[in-house]
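Only the coordinates and a few stated rules stand behind these numbers; no lab work does. The structure presented is a predicted model; accordingly, all values stated were derived computationally and were not measured. Every residue, glycine among them, receives a Cβ derived from its backbone with ideal geometry; neighbour counts consider all protein chains shown.
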Amino acid sequence: MPTPSAHDTVRLTLAVAALILSGPADVGAQALELHSLKTRFQHELRLRAWARRPVAVDWTAASALDVARDLSRALGLPITPSELVRERVATNDLPLVDLRSTHAPALGAMELVAARTGLLFVDHGRTLRLVLPEEFQPEATLRLYSVHALTFVLRDFAPPIGFDLRGSNEEAPVEELETRTVSGFDEQGLADLVKRLLGPAHWTRDDVSIDTGRGVLVIRQTPRAHMQIERLLRELGA
């Protein structure tokens, strides 16, 4: 790859949100939301040759339609902008893209487009869609989180236990001074903490939920929300 020009200085810091769906290319359909090209997206697309294919691009103030057309030709994969994207391009309401490279990885080029325009690439198997964020709803997936270690009960008793220092044959009463968990939260407390972490907006959908039982949190949420939940539980010591 040649030395980056002034047009290549935008860092590829925002990930493309991709959807994997094996049905018709319906933007409003439920699909799997992936947020990291370096990890989850790349893992899911490990066997897809186009994901790692180098492409030559020469974009100077290119619109989203230009980008979709050029990437489609380079990859041999139809990339179709949604009607809303076309309308935004027609009214000049979307940022333009600048990038020149003779050997840019396809994923990197897509990531730059996402970073510059805020658009999302939606993978429907045999075609890609270029859409606005509000045009798709990520699928809520079910995950079980073991929180046994975090909710293990620590009991604190007053010594001595089981005998009387005064020599009496009577069993001394065992006084439990305090009962607490390793994390300071019981299962319901962890569930409430997760709800507060994500915020009320994440719980308005009918297909999301959180339940507790037997040292497990049963959570149905979007992949991005699950990433936040994982981070929270790691910080608590899970």
So, over other residues within a Cβ distance under 9 Å of A140, counting Lys, Arg +1 and Asp, Glu -1, the net charge is 0
When all Cα-Cα pair distances of region 59-110 are considered, the percent exceeding 19 Å is 25 percent
Packing-ranked peptide list from 59-72, 134-147, 104-117, highest mean Cβ count within 10 angstrom first, is 104-117, 59-72, 134-147
